[in-house]
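Just below is one structure, and these are the notes that go with it.
Read-outs throughout are calculated quantities, based only on the coordinates presented, and are distinct from any laboratory measurement. From a predicted model like this one, the values you see are computed outputs, not experimental measurements. Note that we place each Cβ from the backbone using ideal geometry, even for glycine, and neighbour counts take in every protein chain shown.
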Amino acid sequence: MSIEIIEGYVKAGTVNSITTIEFHHPQSNSLPGKMLSALATAIQKAGLDAATKVIVLKSSGEKAFCAGASFNELTAIQDEKQGLEFFSGFANVINAMRNSQKFIIARVQGKCVGGGVGLAAAADYAIALQSADIKLSELAVGIGPFVVGPAVERKIGAAAFSSLSIDATNWRNSNWALQHGLFAEVHESSEVLDKAVSALANTLAQSSAEAMAALKKIFWAGTENWDSLLYERAAVSGRLVLSNYTKEAIEKFKTK
């Protein structure tokens with residue numbers, strides 16, 4: 001399956017019970033609304049596919065895993081309804097990852113910003129490259145990591161999530177992310193990274209699908225309210241993004 005999108009794509013393929021979902025956008029793998037929708041659909045389909053036993057989530061290129069929300073779409077939002085619709089795209093992706101009965105391995109080959117940190121956090125196991133620094137930059141543009149926050153806080157804890165959210169302009173390195181549990185492994189080269197992803201995926205592909213589904217249910221216990229919580233959070237972001245502060249801050253970021 002391949003879904004072509006203007007300036008980007010989401011594609012999925014299954015080999016030996018491993019479904020690899022790859023996304024690409026020329027602006028540092030940022031995620032406009034159509035890509036968020038395609039990504040959520042691909043994850044849902046893989047989760048329901050009997051031929052799939054494990055999912056690998058990856059992005060293209062070398063420098064950025066995901067730069068989060070598309071700035072072009074953020075500045076184009078005209079009202080709260082449009083804001084809710086856009087940020088609900090991130091809620092749909094995170095809930096698709098959470099509700100999937102298949103383990104999701106994230107291959108994090110580059111920097112993660114905002115929603116990109118949320119994707120890494122919503123994965124069941126994230127394997128990263130040494131250069132994969134992270135940042136929750138939302139507060140710097142007058143919003144906040146409202147939608148991805150529950151996934152990030154669940155993975156790294158309230159204290160680390162708070163510091164990451166408040167200090168919105170500085171990067172944390174991959175070792176910080178490893179120490180706080182966002183990343184399960186960190187590797188020094190792309191070759192070793194790919195070997196680690198492949199090794200784990202192949203091991204899980206030989207494991208019991210029933211046992212893995214039962215484990216995943218336990219791992220995500222207590223998040224059942226996210227089906228409504230994340231959309232409530234999306235509404236908050238959708239309202240704040242309309243402020244002059246946010247529009248001016250985003251334009252400054254775009255010109256850097």
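Say we join alpha carbon atoms closer than 10 Å with springs in a Gaussian network model of the chain; which of Lys63, Lys155, Lys53 then has the biggest fluctuation? Between Lys63, Lys155, Lys53, it is Lys63 that shows the largest mean-square fluctuation. Nearest-5 percent of antiparallel DSSP beta bridges in the chain? That works out to approximately 35 percent antiparallel.
Please state the shape class of the range 1-152: rounded when a/c is under 1.5, otherwise prolate if a/b exceeds b/c and oblate if not, all from the C-alpha gyration tensor.
It comes out prolate by the Cα gyration axes.
Averaging the sequence gap over all C-alpha pairs within less than 8 Å and six or more residues apart, then dividing by the number of residues, gives the chain a relative contact order of 21 percent. As a quick test, which of the pairs Lys63/Lys102; Lys81/Lys217; Lys135/Lys252; Lys11/Lys247; Lys111/Lys247 have an alpha carbon distance above 26 angstrom in this structure? In this structure, Lys63/Lys102; Lys81/Lys217; Lys11/Lys247 lie more than 26 Å apart at Cα.
Per-residue Karplus couplings for the range 77-83, computed as 6.51 cos²θ - 1.76 cosθ + 1.60 with θ equal to phi - 60°, are listed in order as 5, 9, 8, 5, 4, 5, x Hz, Gly and Pro entered as x.
The amide H of Val54, built 1.01 Å from its N in the peptide plane, has Thr19 as neighbours under 5 Å, considering only residues 5 or more places off or on other chains. Distance distribution P(r), the range 77-137, all Cα-Cα pairs, bin width 10 angstrom from 0: 21, 43, 28, 8 percent.
Give the order of His24, His187 when sorted by the count of other beta carbons within 10 angstrom, beginning with the fewest.
His24, His187
Backbone amide hydrogens, once placed in the peptide plane, bring Phe183 within less than 5 Å of Leu178, excluding anything fewer than 5 places away on its chain.
Ordering Ile166, Ile55, Ile104 by the number of other Cβ atoms within 10 Å of each residue's own Cβ, fewest first, gives Ile166, Ile104, Ile55. Sequentially through the range 87-101, phi angles give Karplus couplings (6.51, -1.76, 1.60; θ = phi - 60°) of 5, 5, x, 5, 4, 5, 5, 5, 5, 5, 5, 5, 7, 4, 7 Hz, Gly and Pro residues having no value and appearing as x.
When each of Glu138, Glu73, Glu248 is scored by the number of other beta-carbon atoms lying within 10 Å, the sequence from fewest to most is Glu248, Glu73, Glu138. With the Cα gyration tensor of the range 166-223 giving a ≥ b ≥ c as the square roots of its eigenvalues, does the rule (a/c under 1.5 for rounded; else a/b larger than b/c for prolate; else oblate) give rounded, prolate or oblate? Since a/c reaches 1.5 but b/c is at least a/b, the shape of the range 166-223 is classed as oblate.
Rounded, prolate or oblate, given the Cα gyration tensor of the range 74-183, with a/c below 1.5 counting as rounded?
Verdict is oblate for the range 74-183.
Along the range 114-130 the Karplus relation, 6.51 cos²θ - 1.76 cosθ + 1.60 evaluated at θ = phi - 60°, assigns HN-Hα couplings of x, x, x, 5, x, 4, 4, 6, 7, 5, 7, 7, 10, 10, 10, 8, 3 Hz to successive residues, with x for each Gly and Pro. Just so you know, the averaged projected area of the alpha carbon convex hull for the chain sits at 12.3 nm².
Annotation: for a label point projected 7 angstrom from Cα along Cα→Cβ of Ser228, no residues of the range 138-168 have a backbone N closer than 11 Å.
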